[in-house]
Amino acid sequence: MKVFKEQQRFTQTWLVFLLIVSTLIPFGIVINEFVKDESTMKIETLFWVMGLMLVFTVPIFFFRLITRIDEKGIHYQFLPFHFSLKTIRWNEITKAYVRIYDPIGDYGGWGLKGGALWNSKNGKAINVSGDVGIQLELTNGKKLLIGTQKKDEATRVLETYKHKILQDG
């Protein structure tokens, strides 16, 4: 029995840099306003504004994509949006393969993407970084792409279980 396991987080250097800059600039503007002689801003307001900025930027570092492929099917969880692993059984899949895709062009970026708000013909994507994903075409006509950083390993494990597609019960 082959098992594929992967955990990914948002740790890209460009993203960390962007979040730091997009937090420090507003911090600087708010602190500059607070220290002005004629400022009417209270210390409580300063702390509230800074706290809110942190509340909206720090959580991205707690997001995590977990993927598992085993004899039962393909399991995924995107924390904090999914509280438990979601399972797609082999008999619910018509095709499963690893492919290169355009995250921005095909799905509008990284994260939990796709569906009605974007190019719906591509289905949905759950991804954290890169441009490689496990493409699933389901028996109900829907499509799901799960991002991976382990292209070769995912390809080998999918090959191992390809005989189970549409045959499991």
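The table below lists the values:
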{"quantity": "Within the chain, longest stretch clear of exposed chymotrypsin sites (Phe, Trp or Tyr not before Pro) (DSSP loop, no more than 13 other Cβ within 10 Å)", "calculated": "84-169"}
{"quantity": "Point-charge dipole on Cβ atoms (K/R +1, D/E -1) for the chain, about Cα centre, debye to 20", "calculated": "780"}
{"quantity": "Nearest 10 degrees, 0 to 90: helix 13-35 Cα axis against the chain principal axis", "calculated": "20"}
{"quantity": "Residue 45 versus residue 62: modelled label distance in nm, points set 7 Å from Cα along the beta carbon direction", "calculated": "2.9"}
{"quantity": "Label-point gap, in nm, between residue 38 and residue 79 - each point 7 angstrom along Cα→Cβ", "calculated": "5.0"}
{"quantity": "Förster radius 35 Å - calculated FRET efficiency between residue 5 and residue 29, Cβ distance, rounded to 0.05", "calculated": "0.20"}
{"quantity": "For segment 1-67 versus segment 88-107, the gap between their alpha-carbon centres in whole angstrom", "calculated": "32"}
{"quantity": "Exposure rule at most 15 other beta-carbon atoms within 10 Å, DSSP loop GluC sites (Glu not before Pro): the chain longest free segment", "calculated": "72-169"}
{"quantity": "Fully extended contour minus Cα-Cα distance, from residue 162 to residue 99, at 0.36 nm per residue", "calculated": "21.1 nm"}
{"quantity": "In Hz, Karplus ³J(HN,Hα) per residue of segment 139-155 (6.51, -1.76, 1.60; θ = phi - 60°; x = Gly, Pro)", "calculated": "5, 7, x, 7, 10, 9, 10, 10, x, 9, 9, 10, 4, 5, 5, 4, 4"}
{"quantity": "GNM result for the chain, Cα springs below 10 Å: residue of 49, 16, 132 fluctuating most strongly", "calculated": "49"}
{"quantity": "Percent of beta bridges antiparallel (DSSP, the chain, rounded to nearest 5)", "calculated": "90"}
{"quantity": "Built amide H within the under 5 Å cut-off of residue 139, gap 5+", "calculated": "93, 94"}
{"quantity": "Label-point separation in nm, residue 16 to residue 71, each point 7 Å along Cα→Cβ", "calculated": "4.1"}
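Bear in mind these aren't lab numbers, they're just calculated from the coordinates by the rules spelled out. Everything quoted here is computed from the prediction, not taken from an experiment. Cβ sites come from the backbone with ideal geometry, for glycine too, and all protein chains shown count toward neighbours.
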